[in-house]
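Scroll down for the structure; my scribbles are underneath it.
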Ligand code: SF4
Ligand code: SF4
């Protein structure tokens with residue numbers, strides 16, 4: 001899932017300082033599931049912003065309209081249009097709590113509105129509820145090699161995205177980047193392949209990537225087979 | 001196999017070789033570096049010239065390698081990292097190196113840029129040491145670049161790689177070395193080791209994987225206690241043997257400067273002479289002495305083990 005993290009309130013207040021009528025828009029997709037940008041967080045942020053703005057006194061009190069709402073998935077144009085068509089006219093700006101794709105979907109569907117991000121989009125990750133942590137697991141490289149690497153992604157999890165690791169920076173299975181706290185992805189790969197008696201895969205020399213595969217901007221044209229709509 | 005460099009020629013002739021190490025820093029003045037290389041001529045067959053070591057933004061190792069060869073008459077092993085260059089820049093530098101008469105390249109993945117003195121830099125790693133080796137051999141042997149595009153007057157040089165005998169698990173490191181051999185590595189220099197057991201276990205697993213690339217064992221005579229202590233504390237995965245560290249510390253307490261210097265030399269020679277003699281009895285083809293700025297020691301050590309001292 002896409003992992004997001006709310007921006008500091010001060011930064012958000014600064015970003016929206018000349019917006020009086022604003023919709024704080026949560027997303028029930030990834031951002032909501034992680035409880036960073038769902039319904040509750042949208043409501044919470046809107047009340048914080050009302051308070052913050054009042055304290056700062058930048059806006060005339062009577063003009064201030066900050067409300068919260070949530071949509072099922074902000075990265076779906078149809079869902080966004082259907083959910084907001086009727087109400088969007090009442091606002092000058094949208095403060096989106098979805099990932100960067102959600103923010104831009106809203107901006108494309110309603111090009112006359114200012115749309116700002118309330119969160120920083122961090123990575124594609126996995127959640128560890130027990131620890132309350134989120135860990136990066138994929139970089140959307142466009143050419144998945146997990147079958148060769150024991151299910152451990154060297155693109156997202158090796159600090160150098162090496163195809164032929166481990167590098168000389170691993171010490172007892174830990175990576176030189178970040179003070180030897182992270183596991184070295186290539187040692188994880190080695191252990192996994194060894195466990196599965198597939199060290200022949202580890203021995204394989206992996207040739208250089210064709211980086212055009214992961215060059216932005218990327219599209220998949222005409223590939224959506226369902227109607228969207230959250231059904 | 002044809003040897004383009006003295007290093008490779010000596011290895012092929014079965015001579016036990018010594019290589020040294022030079023480190024250009026954040027300067028435009030290479031005088032000291034060149035002067036430091038001169039006393040090693042006739043002792044070390046070639047010297048590595050480091051490329052942004054520990055990801056410090058230093059003077060170009062390509063330029064320094066060339067000037068050391070030209071002005072000190074010392075053959076160089078041009079270190080080339082993947083951290084800072086994509087395949088176009090690497091190709092350009094390999095061609096440039098060959099045009100300047102450099103004959104050896106050490107292909108390195110390189111420390112992550114975030115560990116250096118410009119930690120916010122973008123890390124490149126378009127290739128890694130294995131793929132850089134593969135690329136260089138393609139250029140030399142097939143006369144084409146990585147994309148298969150023909151090179152007018154292909155480069156003639158050799159490519160070496162690094163291995164860390166201290167790595168744990170060692171097997172993962174050795175399998176990576178096997179990939180480097182498949183990619184075409186022609187010689188190997190190891191990370192610093194202090195004990196013969198490390199050398200022995202390296203060759204044991206080396207043979208298990210049928211690796212044949214000639215190995216130069218890395219050693220690190222330490223100019224003073226400060227250097228030893230820093231190395232011990234800051235280079236993860238390698239430690240200076242306790243006793244050695246202790247006697248170096250004792251030497252550091254000698255007040256007379258000249259006497260202290262002599263003591264350091266004596267301690268290093270005693271330790272490393274025996275160590276190198278043992279290495280010479282192993283399957284190693286040489287020793288890489290990483291004593292930057294300690295020429296006296298390097299000369300003396302090499303002379304002694306060759307029976308000239
Ligand atoms: S290799 Fe890694 S980055 Fe690429 S698609 Fe697979 S998991 Fe994602
Ligand atoms: S230590 Fe491991 S994870 Fe870290 S950069 Fe090197 S190979 Fe990648």
Let me know the mean shielding of B:179-187 by other chains, meaning the per-residue number of their Cβ atoms within 10 Å of its Cβ. 2
Label-to-label distance, nm, for residues given as residue A:15 and residue A:122 (7 Å Cα→Cβ offset): 1.6
Value in Å of the Kirkwood radius, where chain B supplies the Cα pairs that are averaged: 19.9
Of B:198, B:258, B:15, which is the most mobile in a GNM of chain B whose springs link Cα atoms less than 10 angstrom apart? B:258
Taking R0 as 35 Å, what's the FRET efficiency between residue A:200 and residue A:133 from their Cβ-Cβ distance, rounded to 0.05? 0.55
Distance between the C-alpha centers of segment A:189-207 and segment B:220-237? Whole Å please. 35
Any idea what % of Cα-Cα pairs in segment A:2-123 are farther than 16 Å? 54
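Explain nothing, just the number: relative contact order of chain A, from Cα pairs under 8 Å at least 6 residues apart, as a whole percent.
On the way: 360 pairs, mean separation 41.3, N = 231.
Reported relative contact order: 18 percent.
Do you know the relative contact order of chain B, to the nearest whole percent, from alpha carbon pairs under 8 angstrom that are 6+ apart?
Numbers: 562 pairs, mean separation 55.2, N = 309.
After rounding, I find 18 percent.
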Once you've got the GNM for chain B with C-alpha springs shorter than 10 Å, pick whichever of B:162, B:72, B:251 has the biggest mean-square fluctuation. B:251
For segment A:140-215, just say rounded, prolate or oblate: build the C-alpha gyration tensor, square-root its eigenvalues into a ≥ b ≥ c, call rounded for a/c under 1.5, and beyond that prolate if a/b exceeds b/c, oblate if not. oblate
Histogram of C-alpha separations across chain A, 10 Å bin width, %: 7, 26, 27, 20, 14, 5, 1, 0
How many nm is it between the label spots at residue B:57 and residue A:58, if each spot is 7 Å from the Cα in line with the beta carbon? 3.4
For peptide B:164-170, the mean count of other chain Cβ atoms within 10 Å per residue Cβ is 4
Packing-based ranking, highest mean first, of B:232-238, B:221-227 given that Cβ atoms within 10 Å are counted: B:221-227, B:232-238
Most exposed first, judged by fewest Cβ atoms within 10 angstrom, A:31, B:282, A:161, A:216 run A:216, B:282, A:161, A:31
Rg/Rh for the protein assembly as shown to two decimals, with Rh computed the Kirkwood way over all alpha-carbon pairs. 1.09
Which residue fluctuates most in the GNM of chain A (Cα springs below 10 Å): A:221, A:194, A:204? A:221
Could you work out the per residue convex hull volume over the alpha carbons of segment A:70-162, in cubic angstrom? 142
In nm, to one decimal, how far is the residue A:35 label point from the residue B:234 one, both placed 7 Å along Cα→Cβ? 4.4
Give me the three principal axis extents of segment B:50-152 from the C-alpha atoms, as integers in angstrom, largest value leading. 38, 36, 17
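Read the figures in this text as sums done on the coordinates, not as results from a lab. Predicted model, so just to flag it, every value in this text is computed and none were measured. Using ideal geometry, Cβ is built from the backbone for each residue, glycine included, and neighbour counts are taken over all protein chains shown.
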